[in-house]
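We did not get these values from a lab; they are worked out from the coordinates using the rules stated. Since the structure is predicted, the reported quantities are computational estimates derived from the model, not experimental observations. Backbone-built Cβ (ideal geometry, glycine too); neighbour counts: all protein chains shown.
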């Protein structure tokens, strides 16, 4: 357990280094453009360089970037001139809520669909589930998002177009509005999660169904339901946890697109805005935050794996 | 073969199968691939799309950038089979043009990713000393959030490269390199795993015994055995790369506005979904059909190349 944590820390340090190198070597450095501007005198240029610490040797600059990152201090945004971390903390709960609820929807739907698909392999039901899963992960999130907008907003007028970030839940009516505006972003991500998880659950169940312990469970007189839920499902879910962890970067990628389409004010939208306005501090900070999230969720999955499978021990 | 273990089960059909002329690996793969209905449907759809993109510009000679404000956001008609966009430009011509870029990006990015992944994977799998450091690097890349990095790297580096290589080629090179640079890891792992088991096999020992150098053993003896899983990964990777490029363009951060890739057309269409649904529908359908048919082909290949397959 401690070893896992100890691997996560250098990973993040190396990612911080990678982000630093990327920014330092990029040809389109906004500060570089400023410093090369003819209208700025030599003294001003040096002063700018000194203010931002650009006159120091690279190693020292990386060290100060690293220590700042460790304190989660990413400086101020070029655009709003407020601390970057404040902007991120404001947006992060929205992203985590959408991603989290979508994942729960995915798990709740995928386990029963996967079980039925595996136990009734090659049935009409299985064919439908397979077709659904295929469509679900072949349709990229930006397509499902656009399609949902066409159907539910412009076709049926059921759901609002853009997400209203000023909406505060005070009573039942505003709660209803909040649910209405969250449905589409969650559905888009949830559909993708469900599709992938269904395939995983089905494949793992099929691996386990012909094994000896299943026959033993059946022959000792256990009901079929008990065999499937108590034995096969429990064992099948263990590898599914790892596969879920491997898919986490994709899920956050999907969140970026979903937030852009439905204008959910999460960190994905913040990233797109910061890139299109050239707000480097915010973009760099978000790269690091996304990496922290991915590493953290991988860690959680690893630990969960050990909890689910007592044969695995992290010394 | 199962026939030696169960002689009683040998029927006339099995005997006929046993006596048939020998097939090469590829003829055998094709034999099984042909029976995979979805994969064959995929081949047909993809062939049509590729043909459309290559031959299309010869048959449909409407230019992609002629503004016609009298024909703004018109639905499909005889003059414009896919309709027009908000500047009255013909969507069929734009989608044909965009398809060429989207497909080229997909194939080029995968070719690069496969080469890189195979290179890293064979070194890590063959040379024990390199295994740990190379796999740490691979794991590190695997824990990167791909899309955010893709967006930021493309943004940071495209200006510099576009100014040296030109707008179109510059964007192409940046996008292909970045997609490949962030997607080679699964291939590296796959190749390494196969190398680890294959290098213990007798045929490698035999090659070493006759004095083959490491390089020759890797390229001539082990790599051909890794080909089939890599081929499957490559096929499915093309679909993934097309989606990634479309995503970049859909977010407005991919190809410049003059290059209507499928994602770019969708990006332009997304603010007028209520007025011109056809504008988003056709590029969306193009992406969906292409990726779906590529995935089916990948699945068919996987089944056809699987040596444990029961026919």
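Put the Cα centre of the stretch B:236-276 next to the Cα centre of the stretch A:230-260 and the gap is 26 Å. Global dimensions of the protein assembly as shown from alpha-carbon coordinates: Rg and Dmax equal 26.8, 95 Å.
Note on chain A: GNM, Cα springs under 10 Å; of A:242, A:144, A:95, the largest mean-square fluctuation is that of A:242. Peptides B:271-277, A:216-222, B:154-160, B:106-112, ordered by how many other C-beta atoms sit within 10 Å of their residues on average, highest first, read B:106-112, B:154-160, B:271-277, A:216-222.
Between the alpha-carbon centers of the stretch B:113-187 and the stretch A:265-315, tell me the distance in whole angstrom. The two parts, judged by their Cα centres, are 19 Å apart.
Give me the one-decimal Kirkwood hydrodynamic radius in Å for the stretch A:84-308, with the sum taken over alpha-carbon pairs. Value: 19.3 Å, from the Cα pair sum. Against the main long axis of the alpha-carbon atoms of chain A, helix A:234-246 sits at an angle near 20°. Its relative contact order, with pairs defined as Cα atoms under 8 Å and 6+ residues apart, puts the stretch B:150-273 at 25 percent. Using the empirical formula 2.2 N^0.38 Å as the baseline, the Cα radius of gyration of the stretch A:65-204 reaches a ratio of 1.36. Taking the C-alpha atoms only, the angle from helix A:84-119 to the longest principal axis of chain A is near 20 degrees. In this label model, residue A:174 and residue A:76 are separated by 3.2 nm, measuring between points 7 Å along each Cα→Cβ vector.
If you wrap the stretch A:57-96 in the convex hull of its Cα atoms and look at it from every side, the mean projected area works out to 3.6 nm².
Here the sum of -39500 (n - 2.57) over DSSP H runs of 4 or more residues, divided by the residues of the protein assembly as shown, equals -23500 deg cm²/dmol at 222 nm, to the nearest 500. Rounded to the nearest 10 degrees, the angle from helix A:2-25 to the longest Cα principal axis of chain A is 40 degrees.
Provide a whole-number value for the mean count of partner chain Cβ atoms within 10 Å of the Cβ atoms in peptide B:135-143.
Mean inter-chain Cβ contacts per residue within 10 Å come to 4.
Per-residue shielding of B:258-266, expressed as the average number of other chain Cβ atoms within 10 Å of the residue Cβ, stands at 1. In terms of the mean number of neighbouring beta-carbon atoms within 10 Å, the peptides B:25-32, B:90-97, A:179-186 order highest first as B:90-97, A:179-186, B:25-32.
Between the alpha-carbon centres of the stretch A:1-22 and the stretch A:138-174 there is a gap of 37 Å.
Take every pair of alpha-carbon atoms less than 8 Å apart whose residues are at least six positions apart; their mean separation over the length of chain A yields a relative contact order of 27 percent.
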